[in-house]
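The values are calculated or read from the model by the stated rules, or taken from the named source; none is laboratory data. A quick note: this is a predicted structure, and the numbers were derived from the prediction, not measured. Here the Cβ positions follow ideal geometry from the backbone for every residue, glycine too, while neighbour counts run over all protein chains shown.
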Amino acid sequence: MKMTFRWFGSKDDSVTLRQIRQIPGVSGVVAMMADIPVGEVWPRERIAALKQEVNSAGLELEVIESVNIHDDIKTGAGGRDRYIENYKTTIKHLSEYGVKVICYNFMPVFDWTRSDLAQPLPDGSTALAYDQSKVDRIDPGHIAEAIASGSQGYSLPGWEPERMARLGELFASYRDIGEDDLAANLKYFLERIIPACEEYGVKMAIHPDDPPWAIFGLPRIVRHEQDLDRLLGLVDNPCNGITLCSGCMGANPNNNIPAIIRRFGKRIHFAHIRNIKIESPGNFHESSHLSCDGSLDIFEIIKAYHDINFNGYIRPDHGRMIWGETARPGYGLYDRALGIAYLNGLWEAVDKMTGKTSRV
Ligand code: DNO
């Protein structure tokens with residue numbers, strides 16, 4: 001495995017590359033370019049500059065999260081072929097600068113959703129939380145404002161203001177799209193881009209729906225093991241893979257994360273590892289990474305990755321806000337760095353227990 005850390009860029013992150021470089025065991029950052037409109041080609045010169053910046057801090061740039069998918073591709077609208085061609089060009093450009101994995105999602109309208117970005121926990125920290133009963137009371141037309149009000153002024157990944165300004169139009173574009181239509185549109189997309197991925201040596205890694213169930217009546221198709229099975233079969237090629245997000249899929253207690261890791265093994269290219277505490281069905285908050293603080297057994301998750309000789313990328317996921325830090329919700333330095341130290345410790349312990357070193 002290769003340990004990485006998500007970074008939003010020098011203009012848009014409270015965490016610096018220098019700080020990331022000092023977290024033990026981190027080989028690279030997972031980056032994005034939020035200012036490029038969804039659907040447009042990522043220019044070579046922008047990628048070159050980002051790579052140069054990251055490499056000169058002593059870090060690698062091998063994973064992008066995310067190259068987002070235009071809603072015309074998800075709905076199968078007339079413009080999709082142009083956006084797919086642009087996506088292929090972006091894959092080519094990224095590959096020329098050493099990018100190996102692209103994380104993306106296929107969630108209609110909204111990316112990850114929470115009802116609270118700073119729920120106080122008993123230890124005085126705050127964390128992201130989801131309470132279905134609260135979400136049910138939010139008018140979907142106003143959820144972007146509800147979410148943004150807790151964002152500490154930072155842009156939120158997947159909640160681009162220009163898209164949120166068109167919410168009504170976006171909702172309308174999904175009116176006749178059911179789960180099977182969405183899956184057919186994903187297949188159409190994958191059939192066209194996976195040959196480019198093979199040619200350029202890039203792996204696609206779809207992120208599950210967060211939370212892993214339908215919200216606001218919109219279709220969702222990456223929620224559980226059966227969905228992952230269907231999605232991998234849409235185009236049965238190693239370049240069509242998964243970002244397995246433990247905290248996201250783990251919000252449904254029927255999703256057995258270690259079993260999913262063992263089942264899909266080599267098709268998992270990117271692992272997001274974090275814990276969550278499920279309070280009741282549909283009601284959870286994010287916790288520290290430790291097994292004892294949440295509902296997921298992180299040791300078993302690491303053990304499963306180790307057993308399959310996982311040689312993809314790992315990153316700690318959302319952290320709590322601790323020690324008075326002000327940062328983008330979920331993406332401060334301190335708790336994610338603690339998360340890495342813990343994940344590294346578990347990995348070393350399993351290495352030594354099994355006599356098999358599998359860090360790359
Ligand atoms: C939120 C993230 C998501 C994720 C995208 C991947 O913090 O987990 O925004 O990056 O869904 O496309």
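Among the residues of the range 1-34, which ones are in a loop (DSSP other than H, G, I, E, B), touching a helix residue (DSSP H, G or I) at 6+ places or on another chain (Cβ under 8 Å) and more than 15 Å from Ala337 (Cβ to Cβ)?
Of all residues in the range 1-34, those in a loop (DSSP other than H, G, I, E, B) come to 1, 7-16, 22-27, 32-34.
From the residues that got through so far, the ones that are touching a helix residue (DSSP H, G or I) at 6+ places or on another chain (Cβ under 8 Å) too are 1, 7, 9-10, 23-26, 33.
Matches in the range 1-34: Met1, Gly9, Ser10, Met33.
Taking the condition of being part of a helix (DSSP H, G or I) and surrounded by fewer than 16 Cβ atoms within 10 Å (Cβ to Cβ), how many residues in the range 170-186 meet it? Even if it seems obvious, please write down each step before you answer.
Looking only at the range 170-186, we keep the residues that are part of a helix (DSSP H, G or I), and these are 170-173, 179-186.
Still in the running and surrounded by fewer than 16 Cβ atoms within 10 Å (Cβ to Cβ): 172, 179-180, 184.
Final tally of qualifying residues: 4.
Yes or no: the range 94-101 includes at least one residue that is within 16 Å of the ligand (Cβ to nearest atom) and of a type outside the set (A, V, I, L, M, F, W, C). Let's see the steps before the verdict.
If we filter the range 94-101 for residues that are within 16 Å of the ligand (Cβ to nearest atom), which is where we start, we get 94, 99, 101.
Checking the rest, the ones that are also of a type outside the set (A, V, I, L, M, F, W, C) come to none.
The answer is no; no qualifying residue exists.
Of everything in the range 147-169, what is within 16 Å of the ligand (Cβ to nearest atom) and in a helix (DSSP H, G or I)? Give them in sequence order.
Restricting attention to the range 147-169, the residues satisfying the condition of being within 16 Å of the ligand (Cβ to nearest atom) are 147-148, 150-152, 154-161, 163-164.
The answer is Ile147, Ala148, Pro161, Arg163, Met164.
Output the number of residues of the range 112-128 satisfying the condition of being closer than 19 Å to Pro208 by Cβ and either surrounded by fewer than 17 Cβ atoms within 10 Å (Cβ to Cβ) or touching a Leu at 6+ places or on another chain (Cβ under 8 Å) (or both).
So the answer is 2.
Against the conditions (1) more than 16 Å from the ligand (Cβ to nearest atom); (2) farther than 18 Å from Ile177 by Cα; (3) out of contact with any Leu (no Cβ under 8 Å at 6 or more places or on another chain), where does Ala77 fall short? Just the number, please.
With respect to (1) more than 16 Å from the ligand (Cβ to nearest atom); (2) farther than 18 Å from Ile177 by Cα; (3) out of contact with any Leu (no Cβ under 8 Å at 6 or more places or on another chain), Ala77 is out only on (2).
Please identify the pairs in which a residue from the range 103-122 that is on the phi > 0 side of the Ramachandran plot and more than 7 Å from the ligand (Cβ to nearest atom) has its Cβ atom under 6 Å from the Cβ atom of a residue that is part of a loop (DSSP other than H, G, I, E, B) and modelled with pLDDT of 90 or more, counting only partners at least 6 apart or on another chain.
Val109/Leu218
Can you name the strands (runs of 3 or more DSSP E) wholly within the range 232-313 that have at least 2 residues being without any contact (Cβ under 8 Å) to a residue 24 or more places away in the chain?
Result: 276-280.
Just to verify a result, which residue in the range 52-70, among those that are of a type in the set (D, E, K, R) and within 18 Å of the chain's Cα centre (by Cα), is farthest from the ligand (Cβ to nearest atom)? Please lay out each step first, then the result.
If we filter the range 52-70 for residues that are of a type in the set (D, E, K, R), which is where we start, we get 53, 60, 62, 65.
From the residues that got through so far, the ones that are within 18 Å of the chain's Cα centre (by Cα) too are 62, 65.
Numbers: Glu62: 16, Glu65: 5 Å.
Top of the filtered list is Glu62.
Does Ala129 satisfy being more than 12 Å from the ligand (Cβ to nearest atom), free of Cβ contacts under 8 Å to residues at least 12 places away in the same chain and out of contact with any helix residue (DSSP H, G or I) (no Cβ under 7 Å at 6 or more places or on another chain)? Walk me through it before giving the result.
Working: more than 12 Å from the ligand (Cβ to nearest atom): yes; free of Cβ contacts under 8 Å to residues at least 12 places away in the same chain: no; out of contact with any helix residue (DSSP H, G or I) (no Cβ under 7 Å at 6 or more places or on another chain): yes.
Taking the combined requirement at face value, the residue does not satisfy it.
Mind listing whichever residues of the range 321-358 are touching a His at 6+ places or on another chain (Cβ under 8 Å), more than 15 Å from Ile298 (Cβ to Cβ) and not in a loop (DSSP other than H, G, I, E, B)?
Across the range 321-358, the qualifying residues are Asp351, Thr354.
Taking only the range 22-40 into account, find how many residues are surrounded by 15 or more Cβ atoms within 10 Å (Cβ to Cβ) and charged (D, E, K, R).
Number of matching residues: 0.
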